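The values are calculated or read from the model by the stated rules, or taken from the named source; none is laboratory data. All values reported here derive from a predicted model rather than from experimental measurement. Here Cβ is always computed from backbone atoms with ideal geometry, including for glycine, and neighbour counts include all displayed protein chains. Please note that ligands, DNA and RNA were not included when accessible areas were found on the heavy atoms of the full protein model with its side chains. Shrake-Rupley method; radii C 1.70, N 1.55, O 1.52, S 1.80 Å.
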Amino acid sequence: MESQKRLIVFHRNRLFRDCLATFLDNEKNYDVSPYDHDPHDHDADDWKNRLLESGADILLLDVNLAGGLAVEVTRMFYELAGGTKIILLVPDEHDYLSACMAMGVHGCVLERSSLSDLREAIHRVLSGDKFCSPDFVASMFAEIQRLSKPTAWVPPSLPDEPRLTSREIEVMELLNQRKSNKEIASKLCVSLFTVKNHVRNILEKLDVDNRMEAVDVARKRLDLAPPMEVKRQR
């Protein structure tokens, strides 16, 4: 009679981990144990040794373990426990998948995949194959397609260039029309003091000394058209 294969479930969610371990333990070919790791355990060597000495044939590993722990575990088994094969349990939102895969894991299954997919993954990996669930492959293609879509080109802003506020742009447009401070105050329904503050801020941001220089710079940067000249009466 073929001996049972030893499976360890290492997952951040206790309920998910225990339910999955119970389900798989009911399979006649597997001896399954949930692995309970205390993230506040400061004796790193202790929990690592316990995991390495578990004698697992398959480690079902949560890729989103806190603090990138899945990468550390994958590297540890890659370097020290060549007989243990790792199948990653992958949520839709994942952080360390590529780093773990670079270590040479043997399978990937989305957490929302069917239990039959997980069974097949375990069977295939134990047989020496690599396995990715169909849902996982479809998810990878969707992500690649999303990343490859061209995005609208946005012109880069000049480094450290102060930006005018919407109100300052309004004031600048009125300066371009050769309005006086008093006329601008009336047009915008603000005090003369407020207009003077806006003008001062504009001069500082555009790094100019007077209103005329500000208008000249603004026509170049804000694409303001010069005001129409009023023809003199003969």
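Please list, ordered by first then second residue, the pairs with beta carbon atoms under 7 Å, 6 or more apart or interchain, first in region 4-22 and surrounded by fewer than 15 Cβ atoms within 10 Å (Cβ to Cβ), second in a strand (DSSP E or B).
Partner pairs satisfying both residue conditions: 4/30; 4/31; 18/34.
Considering only residues that are over 23 Å from the mean Cα position of the chain (by Cα) and free of Cβ contacts under 8 Å to residues at least 24 places away in the same chain, look in region 64-98 and name the one that is most open to solvent (accessible area, probe 1.4 Å).
Checked region 64-98; the qualifying residue most open to solvent (accessible area, probe 1.4 Å) is 79.
Anything in region 99-117 that is more than 18 Å from residue 66 (Cβ to Cβ) and out of contact with any Phe, Trp or Tyr (no Cβ under 9 Å at 6 or more places or on another chain)? List them, or say none.
Of region 99-117, the ones more than 18 Å from residue 66 (Cβ to Cβ) are 101-110, 112-117.
If the condition is that a residue be more than 18 Å from residue 66 (Cβ to Cβ) and out of contact with any Phe, Trp or Tyr (no Cβ under 9 Å at 6 or more places or on another chain), then 101, 102, 112, 114, 116 are the ones that fit.
Those residues that are of a type in the set (Gly, Ala, Ser) and in a strand (DSSP E or B), I need them from region 84-111; list them, please. Explain how you work it out, then say what you get.
Restricting attention to region 84-111, the residues satisfying the condition of being of a type in the set (Gly, Ala, Ser) are 98-99, 102, 104, 107.
Answer for region 84-111, where residues must be of a type in the set (Gly, Ala, Ser) and in a strand (DSSP E or B): just 107.
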